[in-house]
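Okay, structure first, notes after.
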Amino acid sequence: MIIEERFRRSNTNNTKKMEVVKSVAEKRRKRNTALPNEIITLTNVCKAYSTGAPALKDVNLHINRGEFVFIVGDSGSGKSTLIKLLLRELTITSGHINVMGYDLARIRHRKIPKFRRNLGIVFQDFRLLKDRNVYDNVAFAQRIIQKSNKEIKKNVPSILAIVGLAGKYKAKPKQLSGGEQQRVALARALVNKPTVLLADEPTGNLDPKNSWEIMKLLEQINESGTTVIVVTHNREIVNAMQKRVVTLKKGVIVSDEEKGGYIDED
């Protein structure tokens, strides 16, 4: 009887231990793994400045593969902070953030370059290499990931044709208009075939005509399967395109609407 009782207690303890292990494993799985169709997942994300002032507060955001999403809001609303978190230029203060299967709160520093290879980024100020021509600016992105010269000679002309700059591959940035420079920046962001494209105020320095041309290109890229996230202040474009619109105000998501518009925050 004593042996049987000890055996029973041992089984009970083992069962409890297994339940604890399973519970911990399940929590880790939920924390670190997005749903199959989700490519970006933020759960209760907070980011505080070094002063302690909050930049983002309890942000919950889920973006699926192939979505086109506008991020809008006034200056200081947290848009730039959000983009930097997605790029892993900043780390979160608390919460969980998963981008393309990477837990960005736990990712090792040496793995960040590999993570970023699947991200394309377009900035408002273009950030082109002024001493290099269009071809070399785009090829630079390929050389970083050690593509062969044969691959570069095939890929760069192909992407320049897509953005309408096939005939300007020898031109330096100073010889191009603002719209053309942004097309070069877009070609550079796309040449490595990123899974996600982040565009931070891509039309901020452009006139209306060039702004619409860039947005049409982004829409075409999205239709080919790339997830596109655009931070913008351009009310006209947001309202006309009728895409998903996420609105930030003082670090909080105040609206997330499918086929939404620019919300007045007064």
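Over the Cα atoms of the range 135-217, the radius of gyration divided by the Kirkwood radius equals 0.96; this is the Rg/Rh ratio. Helix 178-190 and the long axis of the chain differ in direction by around 40°, with both axes built from C-alpha atoms. Remark: the Cα gyration tensor places the range 110-165 in the oblate category, a/c being 1.5 or greater and a/b not exceeding b/c. Across the range 119-136, coupling constants 3J(HN,Hα) worked out from phi with the 6.51/-1.76/1.60 Karplus curve, θ = phi - 60°, read 10, x, 9, 10, 9, 5, 9, 6, 6, 8, 7, 5, 8, 10, 7, 4, 4, 5 Hz, and Gly and Pro carry x.
Take every DSSP beta bridge with both residues inside the chain and express the antiparallel ones as a percent of the total, to the nearest 5.
50 percent
About its Cα centre, the dipole of the range 44-174 is roughly 800 debye, where the only charges are +1 on Lys and Arg Cβ and -1 on Asp and Glu Cβ. Close amide H partners of R244, meaning residues 5 or more places away or on another chain with modelled amide H under 5 Å apart, are F68, F70, K259, G260. So which residue, out of S75, S94, S50, gets the largest mean-square fluctuation from a GNM of the chain using Cα contacts under 10 Å as springs? Most flexible of the set in this elastic network: S50. Here the relative contact order of the chain, from alpha carbon pairs under 8 Å that lie six or more residues apart, stands at 24 percent.
Residues D136, D103, D74, D58, sorted by accessible area with the largest first, give D58, D74, D136, D103 [1.4 Å probe; ligands and nucleic acids excluded].
Averaging Cα coordinates gives a centre for the range 68-128 and one for the range 181-197; these two points are 16 Å apart. To the nearest µm²/s, what D does Stokes-Einstein give for the range 51-165 at 20 °C and 1.002 mPa s, using the Kirkwood radius over alpha carbon pairs as Rh? Translational D for this selection: 126 µm²/s. Rounded to the nearest 10 degrees, the inclination of helix 2-32 to the longest alpha-carbon principal axis of the chain is 10 degrees. What does the charge dipole of the range 168-265 about its Cα centre add up to, to the nearest 20 debye, if the Cβ of each Lys and Arg holds +1 and the Cβ of each Asp and Glu holds -1? I would put it at about 580 debye.
Measuring nothing but how far apart in sequence close Cα pairs (under 8 Å, 6+ apart) lie, relative to its length, the range 111-211 scores a relative contact order of 47 percent. Dipole of the chain computed with +1 at Lys/Arg Cβ and -1 at Asp/Glu Cβ about the Cα centre; of I107, Y49, N210, farthest Cα towards the positive end is I107.
If each DSSP helix of 4+ residues adds -39,500 (n - 2.57) and the sum is divided by the residues in the chain, what number results at 222 nm, nearest 500 deg cm²/dmol?
Working: 8 runs with 106 residues, N = 266.
Computed mean residue ellipticity for the chain: -12500 deg cm²/dmol.
A simple rule links phi to the HN-Hα coupling: the Karplus curve 6.51 cos²θ - 1.76 cosθ + 1.60 with θ = phi - 60°, which for the range 67-76 gives 7, 10, 10, 8, 10, 10, x, 5, 4, x Hz, with x for Gly and Pro. About the centre of its Cα atoms, the chain shows a dipole size close to 1660 debye [charges on the beta carbon of Lys, Arg (+1) and Asp, Glu (-1) only; nearest 20 debye].
Solvent-accessible area of T91, all protein chains in place: 60 Å² (probe radius 1.4 Å, heavy atoms, ligands and nucleic acids excluded).
Applying both filters, DSSP loop and at most 14 other Cβ atoms within 10 Å, to the trypsin sites (Lys or Arg not before Pro) of the range 226-266 gives K259. Sequence-ordered 3J(HN,Hα) estimates for the range 210-219 from the Karplus curve with 6.51, -1.76 and 1.60 and θ = phi - 60° stand at 5, 4, 5, 5, 5, 5, 5, 5, 4, 5 Hz, glycine and proline given as x. How much net charge surrounds G66 when only the other residues with a Cβ under 15 Å from the Cβ of G66 are counted, with Lys and Arg +1 and Asp and Glu -1? Overall, the nearby charge balance is -1. Pairs to check: K84/K250; K84/K249; K57/K84; K84/K243; K216/K243; K130/K168. Give those whose C-alpha atoms are more than 20 Å from each other in this structure. Correct reply: K84/K243.
Going by alpha carbons, how many degrees (0 to 90, nearest 10) lie between the helix axis of 149-162 and the longest principal axis of the chain? So the inclination is approximately 70 degrees.
For the options K111, K47, K193, a Gaussian network treatment of the chain with springs between C-alpha atoms closer than 10 Å singles out K111 as fluctuating the most.
The values are calculated or read from the model by the stated rules, or taken from the named source; none is laboratory data. The structure presented is a predicted model; accordingly, all values stated were derived computationally and were not measured. Counting neighbours? That spans all protein chains shown, and the Cβs are built from the backbone with ideal geometry, glycine included. The accessibility values were calculated without ligands, DNA or RNA, using every heavy atom of the protein model including side chains. Shrake-Rupley method; radii C 1.70, N 1.55, O 1.52, S 1.80 Å.
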